[in-house]
1. Provide the FRET efficiency to the nearest 0.05 for the Ser117-Lys158 pair, computing r from the beta carbons and using R0 = 25 Å.
2. When the chain is modelled as a GNM with alpha-carbon springs shorter than 10 Å, which of Phe97, Phe26, Phe40 fluctuates the most?
3. Using 0.36 nm per residue, how much length does the chain from Gln46 to Glu72 gain when fully extended, once their Cα-Cα distance is taken away?
4. Quick one: of Lys118/Lys158; Lys57/Lys102; Lys14/Lys102, which pairs are farther than 29 Å apart, Cα to Cα?
5. Which of the aspartates and glutamates could a cross-linker span from Lys147 if the Cα-Cα distance has to be under 16 Å and same-chain partners fewer than 8 positions apart are dropped?
6. According to a simple spin-label model (label point 7 Å from Cα along Cα-to-Cβ), what is the distance in nm between Asp20 and His173?
7. Note the per residue figure in Å³ for the convex hull of the C-alpha positions in the chain.
8. So which residue, out of Thr188, Thr92, Thr41, gets the largest mean-square fluctuation from a GNM of the chain using Cα contacts under 10 Å as springs?
Amino acid sequence: MLELQYELESKAAKWYATIDIASAFFSIPLAAECRAQFAFTWKGVQYTWNRLPQGWKHSPTICHGLIQAALEKGEAPEHLQYIDDIIVWGNTAGEVFEKGEKIIQILLKAGFAIKRSKVKGPAQEIQFLGVKWQDGRRQIPTEVINKITAMSPLTSKKETQAFLGAIGFWRMHIPEYSQIVSPLYLVTRKKNDFHWALNSSKPLPRSSRRSLMR
């Protein structure tokens, strides 16, 4: 996923559009000879999947590969794909709209369903794989920043671990991240008791969280 972000950033695009295939796994039929492998019993009745099941470890890889193959066969315009999420970009709204429509038609022809409500753009600001994109740059979405800065002061190891988990995904966007959060990792160690003294707030008081997330 990180490689996709780097590649998209290198495009320095002005306009974007995203396409999310509806129920992509269930658009992929299982071969009849394979269905017995996915049999299960519920309330005394045996069932089996006849579509690619969610939760199976190989489903994302198979789904990604089939969508990729369909797009290549249809000679889709330049795009980036992560399983069933697709993004196109360009310098004008018209260019992006045309690219998006061509990809949608290729996917429909291949048997995939598209919900128009899940097609976003063309827009100069858009979210793709949880990251906001604008002017060729990735940014932390505003709602994520607001959620983190609204968190109450930490009162336990469990809350500290939850906070670190919440911001860890965004570490690449936070300058000197390791240095900033190192005091928090110290208080989560098993051998250390949780003690939030006055000086403990200095590395990361509530007011600092917003500056950390800029």
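1. 0.10
2. Its mean-square fluctuation being the largest, the pick is Phe40.
3. Working: separation 26, 0.36 × 26 = 9.36 nm, distance 3.86 nm.
Using 0.36 nm per residue and subtracting the Cα-Cα distance, I get 5.5 nm.
4. Numbers: Lys118/Lys158 36 Å; Lys57/Lys102 31 Å; Lys14/Lys102 19 Å.
Exceeds cut-off: Lys118/Lys158; Lys57/Lys102.
5. Partners within reach: Glu159.
6. Between His173 and Asp20, the label points sit 1.7 nm apart.
7. Output value, Cα hull per residue: 182 Å³.
8. Thr41
Just so you know, all these numbers are worked out from the coordinates, no wet-lab data involved. Everything numeric here is computed off the predicted structure, so don't read it as measured data. Note: ideal-geometry Cβ built from the backbone for every residue, glycine included; neighbour counts use all protein chains shown.
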